[in-house]
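This report refers to the structure that appears directly beneath it.
The values are calculated or read from the model by the stated rules, or taken from the named source; none is laboratory data. All of these numbers come straight from a predicted model, not from anything done at the bench. Every residue, glycine among them, receives a Cβ derived from its backbone with ideal geometry; neighbour counts consider all protein chains shown.
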Amino acid sequence: MDVYTIGVLLSVVVYMIVGTYAGLKVKNVEDYYVCGRNAPTILITGTLFASMLSTNGFMGDTAYCYGGNITTMILINTLCACGYVLGALLFGRYIRRARVRTMPSYFGYRFNSTRIRRFAGVTTVVSLTAYLLSVIQGTGILMQTMTGLDRGVCLLIAWVCITLFTFYSGSRGVILTDTIMFIFFLGATIIAGPYVFDAAGGLGDLLVTLAQNPNTPQGMLDYHGNVGGGSVTDIMFYAVTMGIVWMVAVGVSPWQAGRNLMAKNEHVTFRSGAMAAVLTIVFSLYLYLIAVSVIPLHPGMAEPERVIIWAAYEVMPKLVGVVMLTGIMAAGLSSASTFLSVVSFSLTSDVCNMSFKDDRSQLMWTRIIVLLVGLLALGLAYLNLSSIRIITWFASTIIAASWGYVAFASVWSKSLTERGAFLAMVGGFFGYFIAKCLKEFAGLPLENLFGPFFIGVAVSVILGILGSRGQRRSAEEVAFLQKLHTMPRAEQKASDYRRDRMYGWFMIGTGVAVSALLIVYWAVPYNALLGRDVTAMLPF
């Protein structure tokens, strides 16, 4: 048994112990579904960022950067980070006031509608099951690479770890292990970075090294990145579109905005959103710089998704490499546990809409659903069906297209009715789905403003407005909306708002610092290498 296998097994044991400990604290359904609504800022921040980053951040995003699109990813992440702040201020704190246990149930109560609750539950299950499958497969592949064990055995180990602590401890265990995993992969990446930078000639000289290296992808250092045979307009539209998609997704999706239901108070929703925004910008930039530092060390990698894995094996000291790889695995496990819990809770509470005589019965049935969903995910991941990959094409934006307009309008619109909300949600879902199919399978040139996401959103908004005409809101809808806009007395302490402002100023200061660093150490040197006078470009 080598050091990589030992590292994997030890980390799995630790997460199992933590999950078991958290399960001992579960006393009722509130604890299991929403962590007793008592989670502090560190736990909400940890679960937000850990479930967001996943193996895709360490493997998919870094591959995109290695291929020449680090500047594209910076733009996408900047827009995505805005979603954490806007989502908390305009949506997250209000759904917390609703005191619901799942996001689909929020829509059901807000519009006094069983069909909206059930359809929102269906979209949750469809989108997050696809994510769950992709993350389990990615984690299994990584574990197989590290240990040399059979793929099926690796998938089984990952499934056992994810399912057992989710099965026993629910959301309480998920957000606790998420936070531990978040701290672990954050520290692992920070420690690993300098070894890669030094091997590439130093972080301070990285831009010059890349600019002078013939293996650097064309356009990588420009503001638009590698256009890949297309145009600058196309790549910029892609970046802005994906940035908006993720901004909406982190603002309203059940696996991101739904974490606000567990927050100790409304102030936690904003503080954790601000910290998640900072991490999205700073940590991701650091990770992407590690990825592009590999270009002069190992250009033309056949499988760019393995860029960080290659660096862990070939550049870092063995112990640091083990820590780095187990950190990536932790990111995958944390996301999978989040997806598994959200899917299982929505199936039990919203799609099946099961009635229970008491909390004990609901806990028992929810745990059974968790086990069944986990087994189904394991079976499909083992089969490695191509259809799963096709489903993941739709998963990233289906929630944003279907829920985006309805979510924000549910808080701020006084004209959106039950019928309008239902048609908007259904229209956004199928508008995006059909447009995406036409683009992928029929070859229709649906790009830029006529891309599937924008088509889905447009259909959602139009149907929401037209569907609300001629229908009056019920008394229950009016009363629920008034409840959302009534601030609880416990949330009105001046000391809490002073603390909120500290988080806000920290976020602003971080944004200014990152912008200044990119200008001084990227934009100015790069333009100087090209012989451009940067001062002549300034408007003052």
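Filter the stretch 1-51 down to the residues that are small (Gly, Ala, Ser) and modelled with pLDDT of 80 or more, then identify the one that is farthest from Leu149 (Cα to Cα). Walk me through it before giving the result.
First, pick out the residues of the stretch 1-51 that are small (Gly, Ala, Ser): 7, 11, 19, 22-23, 36, 39, 46, 50-51.
In the following step, the residues that additionally are modelled with pLDDT of 80 or more were identified as 36, 39, 46, 50-51.
Details: Gly36: 39, Ala39: 38, Gly46: 30, Ala50: 26, Ser51: 26 Å.
If we take residues in the stretch 1-51 being small (Gly, Ala, Ser) and modelled with pLDDT of 80 or more, then Gly36 is farthest from Leu149 (Cα to Cα).
Among the residues of the stretch 25-63, which ones are assigned to a helix (DSSP H, G or I) and either free of Cβ contacts under 8 Å to residues at least 12 places away in the same chain or polar (S, T, N, Q) (or both)?
Thr41, Thr45, Thr47, Ser51, Ser54, Thr55, Asn56, Thr62
I'm trying to understand the selection: among the residues of the stretch 14-44, which are small (Gly, Ala, Ser) and either touching a strand residue (DSSP E or B) at 6+ places or on another chain (Cβ under 8 Å) or surrounded by fewer than 24 Cβ atoms within 10 Å (Cβ to Cβ) (or both)? Write out each step before concluding.
Filtering the stretch 14-44 down to residues small (Gly, Ala, Ser) leaves 19, 22-23, 36, 39.
Across the stretch 14-44, the qualifying residues are Ala22, Gly23, Gly36, Ala39.
What number of residues within the stretch 273-289 are under 14 Å from the mean Cα position of the chain (by Cα) and not hydrophobic (A, V, I, L, M, F, W, C)?
Final tally of qualifying residues: 3.
For the stretch 229-257, which residues satisfy the criterion of being in contact with an Asp or Glu (Cβ under 9 Å, 6 or more places away or on another chain) and either touching a residue at least 12 places away in the same chain (Cβ under 8 Å) or surrounded by 22 or more Cβ atoms within 10 Å (Cβ to Cβ) (or both)?
Asp234, Phe237, Tyr238
Taking the condition within 20 Å of Gly19 (Cα to Cα) and buried (at least 24 other Cβ atoms within 10 Å of the Cβ), does Ile157 pass?
no
Scan the stretch 184-211 residue by residue and report those that are free of Cβ contacts under 8 Å to residues at least 24 places away in the same chain and part of a helix (DSSP H, G or I).
Pro194, Asp198 - these are the residues of the stretch 184-211 that are free of Cβ contacts under 8 Å to residues at least 24 places away in the same chain and part of a helix (DSSP H, G or I).
Between Leu449, Leu444, which is assigned to a loop (DSSP other than H, G, I, E, B) and in contact with a helix residue (DSSP H, G or I) (Cβ under 9 Å, 6 or more places away or on another chain)? Walk me through it before giving the result.
Working: Leu449 fails: assigned to a loop (DSSP other than H, G, I, E, B).
Matching residue, one of Leu449, Leu444: Leu444.
So, in the stretch 429-456, how many residues would count as being buried (at least 17 other Cβ atoms within 10 Å of the Cβ) and either polar (S, T, N, Q) or more than 22 Å from Arg118 (Cβ to Cβ) (or both)?
Of the residues in the stretch 429-456, 9 are buried (at least 17 other Cβ atoms within 10 Å of the Cβ) and either polar (S, T, N, Q) or more than 22 Å from Arg118 (Cβ to Cβ) (or both).
Can you find a residue in the stretch 66-75 that is in a helix (DSSP H, G or I) and under 21 Å from Phe506 (Cα atoms)?
yes
Quick test for you: out of Met275, Met301, pick the one residue that is farther than 22 Å from Gly225 by Cβ and surrounded by fewer than 24 Cβ atoms within 10 Å (Cβ to Cβ).
None of the other options fit; the residue is Met275.
Out of everything in the stretch 114-127 that is crowded, with 24+ Cβ neighbours inside 10 Å and either modelled with pLDDT under 80 or hydrophobic (A, V, I, L, M, F, W, C) (or both), what residue ends up being farthest from the chain's Cα centre (by Cα)?
Ile116
Only one of (1) without any contact (Cβ under 8 Å) to a residue 12 or more places away in the chain; (2) assigned to a loop (DSSP other than H, G, I, E, B) fails for Val100. Which number is that?
So Val100 meets the others, but not (1).
Within the set of pairs 6+ apart or on separate chains, which have a first residue in the stretch 345-370 that is closer than 20 Å to Gly23 by Cβ, a second that is of a type in the set (S, T, N, Q) and outside any helix (DSSP H, G or I), and C-beta atoms under 7 Å apart?
As it stands, the answer is Phe345/Thr102; Ser349/Thr102; Asp359/Asn28, since those pairs meet every condition given.
Taking the stretch 307-352 only, how many residues are crowded, with 24+ Cβ neighbours inside 10 Å and outside any helix (DSSP H, G or I)?
Residues in the stretch 307-352 being crowded, with 24+ Cβ neighbours inside 10 Å and outside any helix (DSSP H, G or I): 0 in total.
Hey, any hits in the stretch 495-511 for a residue that's in contact with an Asp or Glu (Cβ under 8 Å, 6 or more places away or on another chain) and under 23 Å from Gly87 (Cα atoms)?
Restricting attention to the stretch 495-511, the residues satisfying the condition of being in contact with an Asp or Glu (Cβ under 8 Å, 6 or more places away or on another chain) are none.
Scanning the stretch 495-511, I find no residue that is in contact with an Asp or Glu (Cβ under 8 Å, 6 or more places away or on another chain) and under 23 Å from Gly87 (Cα atoms), so the answer is no.
Quick test for you: out of Val240, Val208, Val245, pick the one residue that is over 21 Å from the mean Cα position of the chain (by Cα) and hydrophobic (A, V, I, L, M, F, W, C).
Val208
What are the pairs with Cβ atoms under 7 angstrom where one residue, in the stretch 441-457, is under 15 Å from Phe430 (Cα atoms) and at pLDDT below 90 and the other, located anywhere, is among the aliphatic types (A, V, I, L, M) and part of a loop (DSSP other than H, G, I, E, B)? Sequence gap at least six, or different chains.
Pro452/Leu446
Quick one: is Ser355 part of a loop (DSSP other than H, G, I, E, B) and among the polar types (S, T, N, Q)? Let's see the steps before the verdict.
On the way: part of a loop (DSSP other than H, G, I, E, B): yes; among the polar types (S, T, N, Q): yes.
Yes: the conditions hold for Ser355.
Of (1) surrounded by fewer than 16 Cβ atoms within 10 Å (Cβ to Cβ); (2) within 28 Å of Ser415 (Cβ to Cβ), Ala513 satisfies all except one. Which?
Exception for Ala513: condition (2).
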